[in-house]
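Read through the structure below, which is laid out as structure tokens, and then see the notes.
The values are calculated or read from the model by the stated rules, or taken from the named source; none is laboratory data. Predicted model only: the values in this text are computed from it and were never measured. For neighbour counting, all protein chains shown are included, and Cβ atoms are generated from backbone atoms with ideal geometry for every residue, glycine included. Note: areas computed on protein heavy atoms with side chains; ligands, DNA, RNA excluded. Shrake-Rupley method; radii C 1.70, N 1.55, O 1.52, S 1.80 Å.
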Amino acid sequence: MAAIKSNFQTVTYFLRLGRPLFLLGGFLLYGLGVTIALYSGVELSLPVLFWGQVAVTATQLMTHYSNDYFDLAADKANPTPTRWSGGSRILAEGYVRPQVALATAVVMGTVALFATVWLAFVLRPGPLTLPLLILAITLTWSYSSPPLHLNRRGLGEVTGAIAITGMTPVVGYYLQAGVLELLPFLAVFPLCCFQFLMLLVVNLPDAAGDATAGKHTLVHFLGTRGSVSLYLAVLLLAYSALPLLVLMGLPILVAVALLAISPLAIWQGWRMYRGAWADPQLWDSLGFWSIGLLIASVLAELLAFILLYLNT
């Protein structure tokens, strides 16, 4: 009985290492791109929908497992981990062997590549399928992993914003439409801003441990006050850009849906301005509501495009 309980705990830790809750974001972002394509008049392809989601989810899992493996030294050196930063703590606490995480990342990367090849050469939704998906897989692998280690060079926040909130909806759109249009890029711009802000916030508590391990995120280069100033500037940019995005073709309903989330953004920005980032007791809350702002904005856009599609 003790052995069964021990095995069950190991499996539980292994699954937690993959951060299954965060997989929801991949479904929502990919679904957003697909919905934009349907709104644009494209007929849904279920096989492409399925294999595209396999590629997205496998890429996410590859990233989750590889991040914890290659950030292990920084996570162990981190004296102030929170619920949303400092890694999953599964490897750092010794619940799962690091080699298991690396092997799982490689397997998930292989699954993502297989789905990519299947899409590109069997289903063939468009000529950019292979380069788009290979670029997405490469960027997400390179976030923490060799040879680029982008998150150690101050490029992780930008990379995450482009690869996750930028490319996932664009891939979802392209796989259905077979062409790249301006609309999905307009839709993802505010979301990329919010993803960037979320990564900036969750890196703030990790700054000391990261620096000890030679992991130099953007927070390291800018300092905490510089990071907060950038946070406020990007938050303002996300909303001040909406009129221009509408003029360029973003549906007004989508912009209004994003504005409906703005009270949360204003509150979060005010907290950052007032120095909540300097209070360790507020780090969990700041991380949670930064993630909440991103997910709420994705849901707002998704619901807006669904309504637009249903009324076309």
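Considering Cα pairs under 8 angstrom that are at least six residues apart, work out the relative contact order of the chain and quote it in whole percent.
Numbers: 435 pairs, mean separation 73.3, N = 312.
Computed value for the chain: 23 percent relative contact order.
Run the dipole for region 60-105 about the Cα centre, Lys and Arg Cβ at +1, Asp and Glu Cβ at -1, nothing else charged, and hand back the magnitude in debye, nearest 20.
Approximately 80 debye in magnitude.
Please arrange Tyr309, Tyr273 by accessible surface area, largest first, computed with a 1.4 Å probe and ligands excluded.
Descending accessible area places them as Tyr273, Tyr309.
With a 1.4 Å probe and all protein chains left in place, how much accessible area per residue does the chain have, in Å²?
Accessible area per residue, the chain: 46 Å².
Taking the Cα centre as origin and putting +1 on Lys and Arg beta-carbons and -1 on Asp and Glu beta-carbons, what dipole magnitude results for region 140-282, to the nearest 20 debye?
220
Just want to confirm a number: the relative contact order over region 160-219, from Cα pairs under 8 angstrom separated by 6+ residues, in percent.
It comes to 35 percent, rounded to a whole number.
Using just the helices of the chain, give the 222 nm mean residue ellipticity in deg cm²/dmol: DSSP H runs with n ≥ 4 each add -39,500 (n - 2.57), and the total is spread over all residues, rounded to 500. Don't jump to the answer; show the numbers that get you there.
Details: 15 runs with 221 residues, N = 312.
It comes out at -23000 deg cm²/dmol, rounded to the nearest 500.
With the dipole of the chain worked out from charges on the C-beta (+1 for Lys and Arg, -1 for Asp and Glu) around the Cα centre, which of Phe27, Ala276, Thr57 lies farthest toward the positive end?
Highest projection toward the positive end goes to Ala276.
Suppose the chain between Ile134 and Ala73 were pulled fully straight at 0.36 nm per residue; how much longer would it get relative to their current alpha carbon spacing?
19.1 nm is the gain from fully extending Ile134 to Ala73.
Would you list Ser290, Ser40 from the most to the least accessible area, probe 1.4 Å?
Ser40, Ser290
From the residues Asn67, Val122, Gly178, which one has its Cα farthest along the dipole of region 55-186 in the positive direction, the dipole being from +1 and -1 charges on Cβ of Lys/Arg and Asp/Glu about the Cα centre?
Final value for the positive-end residue is Asn67.
Would you mind estimating how fast region 141-182 diffuses translationally, via Stokes-Einstein at 10 °C and 1.306 mPa s with the Kirkwood radius over Cα pairs, in µm²/s?
It diffuses with D of about 141 µm²/s by this estimate.
Taking just the C-alpha trace of region 174-283, give me its Rg and Dmax in Å.
According to the Cα coordinates of region 174-283, Rg and Dmax are 16.6, 48 Å.
Among (1) 58; (2) 54; (3) 73, which is the computed percent of Cα pairs over 24 Å apart?
Structure-derived value, by its label: (2).
Of all accessible surface on the chain at a 1.4 Å probe, what whole percent is carbon and sulfur?
71
Could you quote the convex hull projected area for region 258-305, Cα atoms only and averaged over all directions, in nm²?
Orientation-averaged projected area of the Cα hull: 3.1 nm².
Among Ala241, Asn151, Leu46, flag the residue with its Cα farthest along the positive direction of the charge dipole of the chain, charges on Cβ as +1 for Lys/Arg and -1 for Asp/Glu.
Asn151
Once you charge only the Cβ atoms, +1 for Lys and Arg and -1 for Asp and Glu, what is the size of the charge dipole of the chain about its Cα centre, to the nearest 20 debye?
So the magnitude is around 440 debye.
Counting pairs of alpha carbon atoms under 8 Å apart in space and at least six apart in sequence, what relative contact order in percent does region 188-312 give?
This gives 35 percent for region 188-312.
Put Tyr95, Tyr69, Tyr239, Tyr231 in order of accessible area, largest first, 1.4 Å probe: what do you get? Walk me through the intermediate numbers first.
On the way: Tyr95 105, Tyr69 70, Tyr239 40, Tyr231 5 Å².
Ranked list, largest accessible area first: Tyr95, Tyr69, Tyr239, Tyr231.
Give me the accessible area of Val111, 1.4 Å probe, in Å² rounded to the nearest 10.
Counting only protein heavy atoms, the figure is 60 Å².
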